[in-house]
Amino acid sequence: MAARDIGLLRGSLVFVWLATAGASVWEAHGRSAALLQQAGVAGTAVGVAMLWGGVALDVAIGLLLWRAPLRLAATAALVTTLSMTVVTSAVLPGLWLDPLGALVKNLPIIAALLVLRRNAP
């Protein structure tokens, strides 16, 4: 894979992670709160920890993908994506049927991360 293609893929994933963090903060009292309500943890310490811990994790992965060695960053993002997908599937399985692909989008992200790991210098 050409270096410019790796850069494009990497940059797009940096954007996804950082934009997700931003959207979670922007919607902290809107869509984010609604998801926590569906999960039964809205207004609890667990819910607050899930929201802000998730934001911090999204930022951390975004920054890792931007600056850290690619194999390390892609592995961390892959483990995080798989873990978040499994947990979300257990708690809110209906998100697999979300018209905007809330969980379905994770499948091509996982594929992209695997490609990056395979092509890391």
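Over the chain, accessible surface divided per residue gives 60 Å², non-protein components excluded, 1.4 Å probe. Annotation: extensible slack from VAL25 through LEU72 equals 14.3 nm (criterion: 0.36 nm per residue apart, minus Cα-Cα distance). Think of it as helices only: each DSSP H run of n ≥ 4 in the chain is worth -39500 (n - 2.57), and spread over all residues that comes to -25500 deg cm²/dmol at 222 nm. Going through (i) 24, 16, 12; (ii) 21, 16, 14; (iii) 27, 15, 12, the figure that equals semi-axes √(5λ) of the Cα gyration tensor in Å as computed for the structure here is (iii). A Förster distance of 25 Å, applied to the separation of the beta-carbon atoms of THR44 and SER83, puts the FRET efficiency at 0.75.
Based on the Cβ-Cβ distance of SER12 and LEU92, what FRET efficiency does E = 1/(1 + (r/R0)^6) give at R0 = 41 Å, to the nearest 0.05?
Working from the Cβ atoms, E equals 0.95.
The values are calculated or read from the model by the stated rules, or taken from the named source; none is laboratory data. What you see is a predicted model, and the numbers here were worked out from it, not measured in a lab. With ideal geometry, Cβ positions are generated from the backbone for all residues, glycine too; neighbour counts draw on all protein chains shown. SASA here: full protein model, heavy atoms, side chains in, ligands and nucleic acids out. Shrake-Rupley method; radii C 1.70, N 1.55, O 1.52, S 1.80 Å.
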